[in-house]
Amino acid sequence: MKIMIRRAKVDDAPKLAELMNLAGEGIPAYLWQRMAEPDEDVMAFGARRVARTEGGFSYTNAYVAAIGNDIAGMLLGYKLPDPHDLPPMEDVPPVVRPLLELESLVPGSWYVNAVATDCAYRGQKIGRRLMELAEQLAGKSSAETVSLIVAEENAPAIGLYRKLGYQVIEQRKIVQYPECPHTGNWILMSKKIRATA
């Protein structure tokens, strides 16, 4: 099967929301639930958020790996500001605080906010292809590093990142939330790249 990687379109928002929630270990749905109307479907609300043109979770920051008409995987990323100032933590939900603290340690890095492969397409090296794309985009952005955050219990993902040359920089304790699949720590990983811009 041929994999085509392309920029995401606004029509991709429902699938992007699903994959972002998968990559985000359920944190996106947890946050969307807090923002949605009481009777609103959480994933429909998430798709509306993804369909916006502003914000880190916008489809404008995403690329998809398509097989035929199916979206098999997704990369969401962008260059972090430098300096990277933290927002007032009292304004930030507790589950997000450790992630923001870790992000702030890699200012100016090209940040892989989310990368995910649909369960039906696992084992076809889609994640590897999307990470290679992240490094190409990072180089074009003049970033000198690519960074990402992963749960320490997610051994398959950490194994892939280590094979690709990523190293552990720092870690923070996971703040539990409903249906949290992990205990332990969030791990910040980074890789130096050559800027091509």
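Summary table below
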quantity: In Å, descending, principal axis extents of the Cα set of the range 4-192; calculated: 44, 44, 29
quantity: Under 5 Å, built H, 5+ apart or other chain: amide partners of Glu153; calculated: Asn185
quantity: Order of Leu130, Leu100 - criterion: other Cβ atoms within 10 Å of each residue's Cβ, fewest first; calculated: Leu100, Leu130
quantity: DSSP H segments from the chain that extend 20 Å or more along their own axis, Cα-based, with Kyte-Doolittle mean of -1.0 or above; calculated: 126-140
quantity: Counting DSSP beta bridges with both ends in the chain, the antiparallel % (nearest 5); calculated: 90
quantity: Greater than 25 Å apart at Cα, pairs in Lys15/Lys192; Lys9/Lys163; Lys9/Lys125; calculated: Lys15/Lys192; Lys9/Lys163
quantity: Evaluated at q = 0.11, 0.18 Å⁻¹: base-10 log I(q)/I(0), Debye formula over Cα of the range 1-87; calculated: -0.33, -0.80
quantity: Fraction of alpha-carbon pairs over 17 Å apart in the range 54-127 - percent; calculated: 56
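Readers should treat all values here as calculations from the given coordinates under stated rules, not as data from a laboratory. Note that the structure is a prediction, hence the values are computed from the model and not measured. Reconstructed Cβ throughout: ideal geometry from the backbone, glycine too, with neighbour counts over all protein chains shown.
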